[in-house]
Every structure is written in C-alpha cells, then in structure tokens.
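Engineer: Handing you a structure now.
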Amino acid sequence: MCNTEKHQIIVKELKKHHHYVWKEYLKPWTKENKIFCQRKGKTFSTSLDNIGQERFFYKSIKLGSEEIKFLQHIIKNMNPNVAKSMSLIFNLYNGISNSSDEYLVKCGIEDLHMLVENYGKNSLKKLQDGNIEFLNQDKYKHQLSLFLGVQYMRTKKIRKNLNPVELTTKSLDLEKMAVILPFIYGEIAGNWIYNTGKIKL
C-alpha cells in the first residue's frame, strides 16, 4: 500500500490598492469612517480605502546594471551602520524584483511597508496620548526614527520629486529606482532623526 501526501497550494490574493499614506495615520481625522479631503480647490469626504492609494503603487521593478551600480555607490559612501541597513534593503529588493512569484513582485514591497508601519503603530498611540517618555529607550527611538523617515519618503508626491543626481548619462533609469529609493532615503532621514532629532509635543 502506498501512502501519498496531499500538498495544499496556498495562493495569496493580490493586494491591488497600495496606500502611500498609511491608513492608521489618517484614522484620528475620520468621522463615521469618512475623512474630509481637499483636492484642486474642492472639498469632499471619502473612506480611507479610497484616499492616498494607487493600484500596485509599490510593484517592484527589476533594476538594470546602471541602477545597481549607482545604488551600490550610494551605499558604499554611507557610514557603516547605515550602509549595513541599506545593503539589507538593497538585497531584499533585488530578491523581490527578480522573483518569478507574482505576489512577491506586485505586493512584496507593500508588505515590507507594513513591517515598517508596525514600528510606528505603538509609537503613534503613545504620542496621541501625550506620552514621549518611551522615547528615552533607544530601541523605540530608533524604530520611530526609521518609521518617520520611510513614511516621509514613500508618498506619491515625494516619488515624483525624487531626483537623486544631476544625470550625466541617460542610461540611468530613475523610474526603475522609484520603489527602492524611498527606503534608501528613508534610512538616511531616519538616521538623521535618530542622531540629531529632538522630539517635542
């Protein structure tokens, strides 16, 4: 008698709507699950699911050799602690963007943003309650600093305005780096906040 094992294939449902402004951050400004927004001089109310998001906004794009070379140059010239974190991000991004897994390519970076958001979840609740004493603990100050750096750099407006260099060659494709650069620059901004920032309420 031959025993056969049954293998269950789990297919993750694609997250089509990627928020570039974190929903948890916007929640305190909602009323009856609606938020008021102003766009092009017009004010309207909508749900958090319909604002600050775009279809597959964080879909990863495979980097070319010129983009890889450029990012490696940035990492190499950072101080060792920041360079180490950036290298991890760089390698993780390359793994995701080169994957044959559709979910990873389209939603892997969105999931990575969720991990960073978790750093800010408890911090924001304490800050909303008027508590900054927890930031005396190095671990929490570091987490909040990274969270703030990445949140600032991840928005649609910042993506449009990111221009890392005065291009001397047309072979460097900024569009290919649009998804990874917020993490790279977010790490720089987070490190600056951690080392020099003074948080007050």
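The values are calculated or read from the model by the stated rules, or taken from the named source; none is laboratory data. Quick caveat: nothing in here was measured; it's all calculated off a predicted structure. Heads up, the Cβs are rebuilt from the backbone with ideal geometry, glycines too, and the neighbour counts pull from every protein chain shown. The accessibility values were calculated without ligands, DNA or RNA, using every heavy atom of the protein model including side chains. Shrake-Rupley method; radii C 1.70, N 1.55, O 1.52, S 1.80 Å.
Engineer: Report the label-to-label distance for residue 36 and residue 160 in nanometres (one decimal), using points 7 Å from each Cα along the Cα→Cβ vector.
Structural biologist: In this crude label model, residue 36 to residue 160 measures out at 2.4 nm.
Engineer: For the full complex of protein chains and a 1.4 angstrom probe, list 153, 78, 86 by accessible area with the highest value first.
Structural biologist: Largest accessible area first, the residues go 78, 153, 86.
Engineer: By the scheme Lys and Arg +1, Asp and Glu -1, what is the net charge of all other residues having a beta-carbon under 13 Å from that of residue 117?
Structural biologist: With Lys, Arg at +1 and Asp, Glu at -1, the neighbours total +2.
Engineer: So, one more: Just the accessible area for residue 45, please: 1.4 Å probe, Å², rounded to the nearest 10?
Structural biologist: 60 Å²
Engineer: Report, ordered by chain and residue number, the lysines lying within cross-link reach of residue 76, taken as a straight Cα distance under 18 Å and ignoring same-chain residues fewer than 8 apart.
Structural biologist: 84
Engineer: If you build a Gaussian network model of the chain, linking Cα atoms that sit under 10 Å apart, which residue out of 50, 118, 79 swings the most?
Structural biologist: 79
Engineer: Here's another thing I want to ask about it. Taking 22 Å as R0, compute the FRET efficiency from the Cβ-Cβ separation of residue 121 and residue 47 and round it to 0.05.
Structural biologist: So the FRET efficiency works out to roughly 0.60.
Engineer: Counting Lys and Arg as +1 and Asp and Glu as -1, what is the net charge of the other residues whose Cβ lies under 11 Å from the Cβ of residue 45?
Structural biologist: +1
Engineer: Then there is this: Work out the FRET efficiency for residue 23 and residue 171 from their Cβ-Cβ distance, taking R0 = 45 Å, and round it to the nearest 0.05.
Structural biologist: 0.75
Engineer: Treating cross-link reach as a plain straight distance, find the lysines whose alpha-carbon is under 17 Å from the alpha-carbon of residue 40, omitting any fewer than eight places away in the same chain.
Structural biologist: 156, 157
Engineer: To check my understanding: the extent here is largest minus smallest coordinate of the Cα atoms along each principal axis. What are those three numbers for the chain, in Å, largest first?
Structural biologist: Principal extents (Cα only, largest first): 62, 53, 42 Å.
Engineer: Report, in debye and to the nearest 20, how large the dipole of the chain comes out about its Cα centre when Lys and Arg carry +1 and Asp and Glu carry -1 on their Cβ. Walk me through the numbers on the way to the answer.
Structural biologist: On the way: 32 positive and 20 negative charges, 145 e Å.
Dipole about the Cα centre, nearest 20: 700 debye.
Engineer: Less than 15 Å Cβ to Cβ from residue 77, Lys/Arg counted +1 and Asp/Glu -1: what total charge do the surrounding residues give?
Structural biologist: +2
Engineer: Please sort by residue number the trypsin sites (Lys or Arg not before Pro) in the range 10-117 whose DSSP state is loop and whose Cβ has at most 14 other Cβ atoms within 10 Å. Please report the intermediate quantities before stating the final value.
Structural biologist: Values: sites: 12, 15, 16, 23, 31, 34, 39, 40, 42, 55, 59, 62, 69, 76, 84, 106; in loops: 12, 15, 16, 40, 59, 62.
Answer in residue order: 12, 16, 40, 62.
Engineer: Assuming 0.36 nm per residue, please report the length gained on full extension of the stretch residue 55 to residue 152 beyond their Cα-Cα distance.
Structural biologist: Details: separation 97, 0.36 × 97 = 34.92 nm, distance 1.98 nm.
Extra length from residue 55 to residue 152 when fully extended: 32.9 nm.
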